[in-house]
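Colleague: Quick one: this structure, given as structure tokens, is what I'll be asking you about.
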Amino acid sequence: MPPSTRDPAGRREQIVIAAAELLCAGDGKPTHRRVAEHAGVPLGSTTYYFSTLDDLTTAALEYLADQVDTGLAETAELVAGGDATPETVARLFHEYLSDRDRVRVEITIYTAALQRPELVALTRRWFDGLVEILCTVTDPATARLLAVFVDGACMHAAIHEQPLELEVLEKLTRTLMGGPGCAAGSDRP
């Protein structure tokens with residue numbers, strides 16, 4: 001149920017979520033009017049809470065970045081609870097890349113950062129967080145290579161509307177993790 005007019009925080013959040021959904025849909029730049037329609041609120045509400053469209057867009061992108069942080073925390077738990085083999089890491093990549101909503105969020109944040117350099121820090125939250133998680137299963141240099149690979153695989157999944165096949169992800173992950181610093185127990189080339 002939509003927040004009542006007596007719930008300003010709820011109304012603001014409803015507007016931010018609507019703007020985030022429109023950004024992820026990729027069907028043009030959101031306007032106050034489109035966001036208001038999508039949120040089911042009066043147009044005046046969007047301009048009351050966000051005087052400029054840049055403010056509204058930034059709030060929506062920050063909301064999406066918070067979703068990324070939540071996903072990273074879940075991934076960290078999965079990595080900590082699993083083994084450090086390339087196959088396990090590839091399976092986690094495949095699960096992530098199979099989630100179309102997560103892929104759209106990533107691409108939306110990356111695209112916004114290209115257009116608005118002040119938002120680059122939001123994009124780096126994903127990359128840096130992934131590197132930190134991967135450092136628990138491999139050395140820092142390999143973790144960075146894996147994160148770059150996942151960035152490209154994310155773009156591939158967005159364009160092709162499906163992730164790379166698990167077997168391909170396993171082969172590439174095994175190749176990247178097979179060098180010096182490969183986690184114990186995953187010494188296969």
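The values are calculated or read from the model by the stated rules, or taken from the named source; none is laboratory data. What you see is a predicted model, and the numbers here were worked out from it, not measured in a lab. Ideal geometry is used to build each Cβ from the backbone, glycine not excepted, and the neighbour counts take in all protein chains shown. Heads up: the accessible areas ignore ligands, DNA and RNA and are worked out on the full protein's heavy atoms, side chains in. Shrake-Rupley method; radii C 1.70, N 1.55, O 1.52, S 1.80 Å.
Colleague: Pop a pseudo-label 7 angstrom from the Cα along the beta-carbon direction at both K29 and E77 and give the gap in nm to one decimal.
Modeller: For K29 paired with E77, the spin-label model returns 3.9 nm.
Colleague: Quick one: pull the percent of accessible area on the chain belonging to carbon and sulfur, 1.4 Å probe, ligands and nucleic acids left out. Walk me through the intermediate numbers first.
Modeller: On the way: 5770 of 10240 Å².
Ligands and nucleic acids excluded, carbon and sulfur reach 56 percent.
Colleague: Okay, next question. From the Cα gyration tensor of region 64-110, with a ≥ b ≥ c the square roots of its eigenvalues, which class applies: rounded if a/c is under 1.5, or else prolate if a/b is larger than b/c, or else oblate? Display every interim value, and only then the final one.
Modeller: On the way: a/c = 3.14, a/b = 1.70, b/c = 1.85.
Oblate.
Colleague: Pairing the Cα long axis of helix 140-160 with the longest principal axis of the chain, what angle in degrees results, from 0 to 90 and rounded to the nearest 10?
Modeller: 60 degrees
Colleague: Follow-up question, since we're still on this one. How much accessible area per residue does the chain have, counting only protein heavy atoms and a probe of 1.4 Å, in square angstrom?
Modeller: Numbers: 10240 Å² over 189 residues.
Spelled out: the 1.4 Å probe surface of the chain, per residue, equals 54 Å².
Colleague: Go from 0 up to the bin containing the longest alpha carbon distance in region 1-117, width 10 Å each, and give me the % of pairs per bin.
Modeller: 13, 38, 27, 15, 6, 0
Colleague: I would also like to ask the following. Could you give each residue of region 55-65 its phi-based ³J(HN,Hα) in whole Hz, using Karplus coefficients 6.51, -1.76, 1.60 with θ = phi - 60°, and x for Gly or Pro?
Modeller: 4, 5, 5, 4, 4, 5, 5, 5, 4, 5, 5
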